[in-house]
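Working notes for the structure below.
What follows draws every value from the coordinates through simple rules; no lab data is involved. Computed from a predicted structure; not experimentally measured. Cβ sites come from the backbone with ideal geometry, for glycine too, and all protein chains shown count toward neighbours.
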Amino acid sequence: MYRPSYVAGSFYPAERSSLQRMIEKFIEESKKNIDFIDEGKNVGVLCPHAGYVYSGKTQAHSYYYMSNSLPETFVILGPNHTGLGLPVALMDKGSWETPLGEIKINEELASKIVENSGFIGVDSAAHKYEHSIEVQLPFLQYIKKDATFVPICMGIQDKETAIDIGKAIAKSSKEPLGVIASSDLVHYGSRFGYNPLKGNKEETLSWIKKNDMEILKMAEGFDIDGLYRFIDSKDYTTCGYGPLSAMLSCMQELGAKKARILDYSNSSETSGDWSTVVGYGSVGIRC
């Protein structure tokens, strides 16, 4: 099955050379902030999935972190924004297209993950219009042209499901593996139905950063239980907490002991709008 790019021209440039230049610029900027002190054949990252003009800087930190020692194949976990398809949907055959070319699904790994999970079903409908996985692919193609991947779209994100998926991924791979959790952080403002703080600009942005950093610190500490308590207690609008938890679960199963916060930003830094803000975080893990 062939999946054409759906958000090229909106979330990122549709023209190949423009897209390459944009990614290269973000990667070069990220090099100033990351040293390669972490070692290991397996790598996991948290990446945002907004339009590149907003989140590309933070997204690039995750891909530059991975670029030091790259696996051949990756699992990309993203939330389901469209509501289409199965509750947890894996696409197990074919390839996806971006302006940088086609990237193939690793069919063998996809089959094993489905076999080892009690929650994942095979379904392409959930992936048809979903952007959270697609926007990761140009960055991945930029750092490794011949990469293969397995896309998993999570419409349900409870803790039991996320941990099951993470363990299934870890059990299914006998080769070095990259696991990418695609998630933005807070979605703040009336547009998102989430406006818990009636403060001024300084108070609002401070509150947003403080709470987003709590999410990143829990990821850094592999605190999946704490992450779910935090999300539930605040009705916090992090859209991919399930994919994040699945990635953390997988990396723990593979033997990871530590994680690093690589970068944080939010949309107001680009838009100047503090009444509607989306947060972006990058976390890296090697083992």
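Under the condition of being among the polar types (S, T, N, Q) and farther than 15 Å from His81 by Cβ, which residue from the range 180-198 is surrounded by the most Cβ atoms within 10 Å (Cβ to Cβ)? So the residue we want is Asn195. Do we find a residue being within 25 Å of Ser249 (Cβ to Cβ) and either among the basic types (Lys, Arg) or crowded, with 21+ Cβ neighbours inside 10 Å (or both) anywhere in the range 26-41? Yes - at least one qualifying residue is present in the range 26-41.
Selection of the range 223-271 for residues being in a loop (DSSP other than H, G, I, E, B) and more than 16 Å from the chain's Cα centre (by Cα) yields Asp223, Asp235, Tyr236, Leu254, Gly255, Ala256, Lys257, Lys258, Ser267. When we screen Leu244, Leu248 for residues that are farther than 25 Å from Asn200 by Cα, touching a Ser or Thr at 6+ places or on another chain (Cβ under 8 Å), crowded, with 17+ Cβ neighbours inside 10 Å and not basic (Lys, Arg), the only hit is Leu244.
The set of residues from the range 65-100 being part of a strand (DSSP E or B), hydroxyl-bearing (Ser, Thr, Tyr) and either surrounded by 21 or more Cβ atoms within 10 Å (Cβ to Cβ) or touching a Leu at 6+ places or on another chain (Cβ under 8 Å) (or both) comprises Thr73, Thr98. For the range 248-269, the criterion of being out of contact with any strand residue (DSSP E or B) (no Cβ under 8 Å at 6 or more places or on another chain) and free of Cβ contacts under 8 Å to residues at least 12 places away in the same chain is met by at least one residue. For the range 1-36, a tally of residues being under 13 Å from Gly101 (Cα atoms), of a type outside the set (A, V, I, L, M, F, W, C) and in contact (Cβ under 8 Å) with a residue 40 or more places away in the chain returns 7.
For the range 142-163, does any single residue satisfy the condition of being charged (D, E, K, R), farther than 24 Å from Val7 by Cβ and part of a helix (DSSP H, G or I)? Yes, the range 142-163 has at least one match. Beta carbons closer than 7 Å, at least 6 apart along the sequence or on distinct chains, pair a first residue in the range 87-114 that is over 23 Å from Gly240 (Cα atoms) with a second that is buried (at least 16 other Cβ atoms within 10 Å of the Cβ) and of a type in the set (Asp, Glu) for Glu107/Asp92; Ser111/Asp92. Among residues of the range 192-207 that are assigned to a loop (DSSP other than H, G, I, E, B), those with a Cβ under 8 angstrom from a residue that is of a type in the set (Ser, Thr, Tyr), sequence gap 6+ or separate chain, pair up as Asn195/Tyr188; Leu197/Thr204.
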